[in-house]
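Here the structure is laid out as structure tokens; the discussion comes afterwards.
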Amino acid sequence: MRRRTTRALIAALAAMLALVVSACGSGGPSAAGDDRTIRIGAWYPLTGALASFGIPERAGADAYFKSVNARGGINGRTIDWIVKDNAYDPQQTVQIARRLVDQDRVVAIVATNGTAQSQATFPFVLEQSKVPVLNTLGGDASWYQPARDGLFGLQTLYEDQAAALGDWVARDGAKKVLVVHSDPAAFLKVAEEIGPAARKTDPSVRVKRLPVKFQTTDYSPVISKVKAEKPDAVVLILASAEAASYLKEARLQGLSTPMYGYAPVAAQSTLTLAGKAAEGVRAVQLVKSPHDDDPAIKEFRAAMAKYERGQPADFITLWGWAAAKAFVEIAKTIDGPVTAESLTRAYENARHVDTGVAPVLSFSAGRHLGTRDVQKVVVRNGRWESRGDFFTPPVRD
């Protein structure tokens, strides 16, 4: 009888242990560590060719999280934001995602970077582990149409940025528009949206595309082709460095056609590389100009000076700041444990989330992309300045 009792006790203890282990590995409330900490993760290219984007974006988000912790955290819980370097490599990102979820036990991936890199993690993070991915910079329409469980974004898609540019050039009176774009399919896909949007605003507008070999440095023959077309406006769908090369060569050859660009063109690096040749360039951005004189931008500049002194307060750092601030504003609405499940519910119920530096965000159970809006910016006296307020581009066909 005693042996049977002992075996029964051992079996009961083993069952209890199994339940404890299962609970600890579930990714549920205990995955955050304790009720005093919210543990979240992210990946960025902190080394390699795209570190110039990853480092400042991380710095902007980190400055906001540090400022929140200095004020007591989110409803008394401090933020433990664990960031790892993925060198912009999808395979490395998958391994990082596994460490963040399985070892660091994060409740969400927040304010991270990269389309292909983040997408490679979805089968494990979103589908297997049920850990939400929130406020990623990157993505395409397939991420949000239809809405995917646990995936919420705040970046206006490149195609919508192109629609905004098409509407803008048409409203500015251009009748003949030339779109200069890099030749890879991703750039072409964006460039193709400009014509329909322009014609929706003004049916008489004619739009032609001029593809350029990716990473071209000699834009002399490109500018010659542009001059031959005699456009009323030029739209640049190029990376920042290539846009700067275009602008310098255009100035050298005396081309004064008004120029417009999407968010990658509206960068401090464009101004640094192009110098005076960038004066007057128009572009759309995801956030306000970091030089604006309003309280939310002043708060951003002050926090960058305090917590990230080595990084300039520019568009890229402001992207990270906006993503971090949106997360905090939504997480503050949670009454109770902050878990993967409660964060997902909070996002689905988030309406009119205003960071002050980016478009107002609204989500729902069927709408996981918080905005389509963009901000117009123009180069004046060597700085990007906001023009007007955020606006919604035409609905794409």
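The values are calculated or read from the model by the stated rules, or taken from the named source; none is laboratory data. Please read these numbers as outputs of a predicted model, since none were measured by experiment. We place every Cβ from the backbone using ideal geometry, glycine too, and count neighbours over all the protein chains shown.
Residue check: ARG309 meets all listed conditions (1) over 20 Å from the mean Cα position of the chain (by Cα); (2) surrounded by 15 or more Cβ atoms within 10 Å (Cβ to Cβ); (3) among the charged types (D, E, K, R); (4) within 25 Å of THR78 (Cβ to Cβ) but one, namely (2).
Per-residue answers, yes or no, for (1) farther than 18 Å from ASP80 by Cβ; (2) crowded, with 17+ Cβ neighbours inside 10 Å:
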| site | (1), (2) |
| --- | --- |
| ILE96 | no, yes |
| GLN103 | no, no |
| ALA120 | yes, yes |
| PRO123 | yes, no |
| PRO132 | no, yes |
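The strands (runs of 3 or more DSSP E) located wholly in segment 85-190 that include 3 or more residues which are of a type outside the set (S, T, N, Q) occupy 151-153, 176-182. Here ALA147, ALA170, ALA141, ALA197 are screened, and the one residue that is out of contact with any strand residue (DSSP E or B) (no Cβ under 7 Å at 6 or more places or on another chain), more than 22 Å from TRP319 (Cα to Cα) and not assigned by TED's automatic domain parsing to the domain that holds LEU238 is ALA147.
If you go through segment 142-156 and keep only what is of a type in the set (Ser, Thr, Tyr) and either crowded, with 22+ Cβ neighbours inside 10 Å or on the phi > 0 side of the Ramachandran plot (or both), you end up with just THR156. Selection of segment 83-138 for residues being out of contact with any helix residue (DSSP H, G or I) (no Cβ under 7 Å at 6 or more places or on another chain), within 27 Å of ALA350 (Cα to Cα) and of a type in the set (Val, Ile, Thr) yields only THR115.
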